[in-house]
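One structure is given below, encoded as C-alpha cells.
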Amino acid sequence: MEINANKRGEITFLSLKGKLDSVTSPNLEDKLLRLIDDDNYNFIIDCAELDYISSAGLRVLLVGAKKVKAKDGKIKLANLKRHIKEVFEIAGFTAIFELYDTTEAAEASFGS
Amino acid sequence: MPEKIMVVDDEPDLESLIKQKFRRQIRAGEYDFVFARNGLEALAKLLEHPDISLVLSDINMPEMDGLTLLSKINELKKPTIKTVMVSAYGDMDNIRTAMNRGAFDFLTKPVDFNDMEMTINKTIEQLSILKQALKEHDLLLSIQHDLSVARNIQLAILPKTFPPFPDIKEFDIYASMNAAKEVGGDFYDFFMIDKDRLGFVIGDVSGKGVPAAIFMAVSRTLIRATALKGIGAGECMSYVNNLLCNESVSSMFVTVFYAILNIRTGVVEYSNAGHNPPYLMRTNGEISEIEKTGGIVLGALEDYEFKSNSVKLEPGESIFMFTDGVTEAFNAADDLYSEERLVELLKQLCGKDLKDVVDAVNKDVEFYSTGVPQSDDITILSIKYRNPE
C-alpha cells in the first residue's frame, strides 16, 4: 500500500495505491490520525489506484470520519473503481462518505 | 531484589574475605552471598535457595569437585543459573573442560577481586537480558493462550448440531465456519422465535483478534435477545445498532444479515445491515441476489433506521448466506474467488441437499486458494424451505 499526502488550501489530499486490508490499514490509520492531530479536518481521498478494500480498511475510514466530524470536517472519496464502490454501497458507507467521480468534483463540493 | 550468588570453595577464609570485599554491594542490597564447601553442599544449597542465579565454583574440592558440580547444574536445565569456574592460574586443561561443559566464564587464583567484581557484574547483566527475554517469551505464550481463548469463545457459541430442530419438517438448515488462523469475527445463529417463525442471522465483525471475538460475542447475544422479542427484522437491526454504537470501541462494526422465516407461508422478512447480499436459489437453477434493503453496518452510525424487505420461498427453494471470506479468498495469482464464480457453482447445486451445497462451496474455495494461507474466516449459512408433507 502506497499512501501519498499533500495539502492545497484547507483540503488535505490523500492518494491510496494497492490493497487496503488488515495488513496495510494500520499504516493508513497512523497517517490519517497524525494528520488529524495536526489540525487537518477536510480530506479528499483519491482511490483511483486503490485495488481492494477489506472491512479493516473500512474501519480505518470510519475512525477518521468520526474524528473529523467532531471538528466539523469531512472525508470525501473520489475516483473509486467499480468494485470498490460496490463495497461501499453494500456496507452502507454511502450514508457516511460522499463519493465523487473526480477529485475536482470533490474539491468543488467543499467550496459550496 | 539482590542478585543471589553462591560461592563454592573448600577454603574457609574465603567467606569472610568476600563479605569484606563486597560489603558495600551487600549493604546496598545488590548482592546476596551463599557459601558452600564442596559440590554436594552446593547442590543442597541450590535446592534450598532456588533464586540463586550465579555460581562461582572452585575446581578442586573434596566430596564433589567443581567439574562434576558443573555437570549436575547443567542437568537442572535452568537457563537462569550461570556458573563461573575458579581455577589455578595456568590450569588450562581444567578451564577448557569447564568451558566445554557449559561454564559461563572463568577466574584464576589467586583471585583478583576487581576482576571478580567485573565478572560478576558482566554475568548478572547477561542474566538480566536472558530473564527479560524469558519474560517476553512467557508473555507471548500467554497472549497465544488468550488468542486460543478468543477462538474458543467464537467457536463455542455457534450452534453446531444439525438438524437443530429435528421435529420441525418445514425447513432444513445447515452452516459451516472454517476459521482462519488468526481469530476473526464471523458468526451465524438461528433460533425459533415462536412456533411459526425461525430467526436466522449471519455476521462478520471488522478486524481480528480478541477485540473482534468479544465484539462478535456481544453482537450475537444482542441480536438473539432482541430478535426473540418477536419484532420485525428492520426494527431489530435499528435497536441493536444503537446498542452497538455505544459499545463500539475504536469504531468496530459488524455486517449482519438478519431474516425471519414464517414456516407456514415460506415468507422471509429480512433486513441487511451492510452484509454481502445472500443468494436466492430457485429450484429451476436460477440464482439471484436478495434485493438490498439499503442498510449500513451495525455500530457505525447511530439512530439509523433499518428497513425490511420480504421474499417468498416456494418449497425446495433456499437462501445461501456467506461472509466475504468466501468471495474474497485469494488464489496464488492474487485474484479473488469472486461472486461470479460462486454464482456459477451455485447454479449447478440447486435442488441439492444443503449439506452437499455447503460442502461443495467450501471445497471449491479451498481448491481455488490452494497454497495461499487463509486470511479470513469462511462462513456459510443456508436454509431451505420444505413442504412439511
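Any read-out appearing in this document is the output of simple, stated calculations on the displayed coordinates, not a laboratory observation. What you see is a predicted model; the values in this text were computed from it and never measured. Here Cβ is always computed from backbone atoms with ideal geometry, including for glycine, and neighbour counts include all displayed protein chains.
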Please compare each pair in A:K17/B:K363; B:K4/B:K135; B:K4/B:K78; B:K208/B:K312; A:K81/B:K355; A:K81/B:K363 to a cut-off of 26 Å on the Cα-Cα distance and tell me which ones are over it.
A:K17/B:K363; B:K208/B:K312; A:K81/B:K355; A:K81/B:K363
Which helices, counted as full DSSP H runs in chain A, have an axial Cα extent of no less than 27 Å and a Kyte-Doolittle average of 1.0 or above?
none
Normalised by the number of residues in the range B:3-136, what is the relative contact order in percent for Cα pairs under 8 Å and 6+ residues apart?
22
Can you tell me which of B:252-259, B:117-124 comes out highest on packing, and rank the rest after it, using the mean Cβ neighbours within 10 Å?
B:252-259, B:117-124
How many angstrom lie between the C-alpha centres of the range B:367-384 and the range B:102-147?
47
With r as the distance between the Cβ atoms of B:L139 and A:E89 and R0 = 51 Å, compute the FRET efficiency 1/(1 + (r/R0)^6) and round to 0.05.
0.75
Report the residue, chosen from B:I59, B:I263, B:I153, that carries the largest GNM mean-square fluctuation when chain B is represented by alpha-carbon nodes joined by springs under 10 Å.
B:I59
With just the Cα atoms defining each centre, how far is the range A:39-102 from the range B:183-238? Give it in Å.
26
Kirkwood Rh, angstrom, the protein assembly as shown [1 / mean 1/r, Cα pairs]
27.5
Using θ = phi - 60° and the Karplus relation 6.51 cos²θ - 1.76 cosθ + 1.60, list the HN-Hα couplings for the range B:255-267 in order, rounded to whole Hz, with x at every Gly or Pro.
8, 9, 10, 10, 9, 10, 9, 8, 6, 7, 10, x, 7
5 Å is the cut-off here: which amide hydrogens, built 1.01 Å from N in the peptide plane, fall below it relative to A:K74, excluding neighbours closer than 5 in sequence?
A:N42, A:F43
Would you calculate, for the protein assembly as shown, the mean residue ellipticity at 222 nm contributed by helices, counting each DSSP H stretch of 4 or more residues as -39,500 (n - 2.57) and dividing by all residues, to the nearest 500?
-12500 deg cm²/dmol
Over chain B, what is the relative contact order in whole percent, taking alpha-carbon pairs under 8 Å and six or more residues apart?
13
From the square roots a ≥ b ≥ c of the eigenvalues of the alpha-carbon gyration tensor of the range B:235-281, which class results: rounded (a/c under 1.5), prolate (a/b over b/c), or oblate?
oblate
What is the set of long-range amide H partners of B:S308 at a cut-off below 5 Å, with H atoms built 1.01 Å from backbone N?
B:G234
Convert each backbone phi in the range B:347-363 into a coupling constant with the Karplus relation 6.51 cos²θ - 1.76 cosθ + 1.60 (shift: θ = phi - 60°), then list the ³J(HN,Hα) values in order as whole Hz, x for Gly and Pro.
4, 7, 9, 4, x, 6, 4, 4, 4, 5, 4, 4, 4, 5, 5, 4, 5
Using the structure shown, list the pairs from B:K160/B:K292; B:K21/B:K82; B:K21/B:K131 with a Cα-Cα distance above 24 Å, or answer none.
B:K160/B:K292; B:K21/B:K131
Connecting every pair of Cα atoms under 10 Å apart in chain B and solving the GNM, the largest mean-square fluctuation among B:Q126, B:Q154, B:Q374 falls on B:Q126
Net lengthening on full extension, B:R282/B:L228 (0.36 nm per residue, minus Cα-Cα)
16.6 nm
Cβ-placed point charges (K, R +1; D, E -1), dipole of the protein assembly as shown about Cα centre in debye, nearest 20:
660
Aspartates and glutamates near B:K19 by alpha-carbon distance under 18 Å, same-chain residues fewer than 8 away left out - which ones?
B:E3, B:D9, B:D10, B:E11, B:E30, B:D32, B:D58, B:D112, B:D115, B:E117
14 Å Cα-Cα reach of A:K69 towards aspartates and glutamates, excluding residues that sit fewer than 8 places from it in its own chain
A:D37, A:D39, A:E98, B:E302
Could you pull out every residue, at least 5 positions away or on a different chain, whose amide H is within less than 5 Å of the one on B:I193? Hs are placed 1.01 Å off N in the peptide plane, and Pro or chain starts have none.
B:L198, B:G199
The range B:66-151, Kirkwood Rh and Cα Rg, ratio Rg/Rh at 1.18
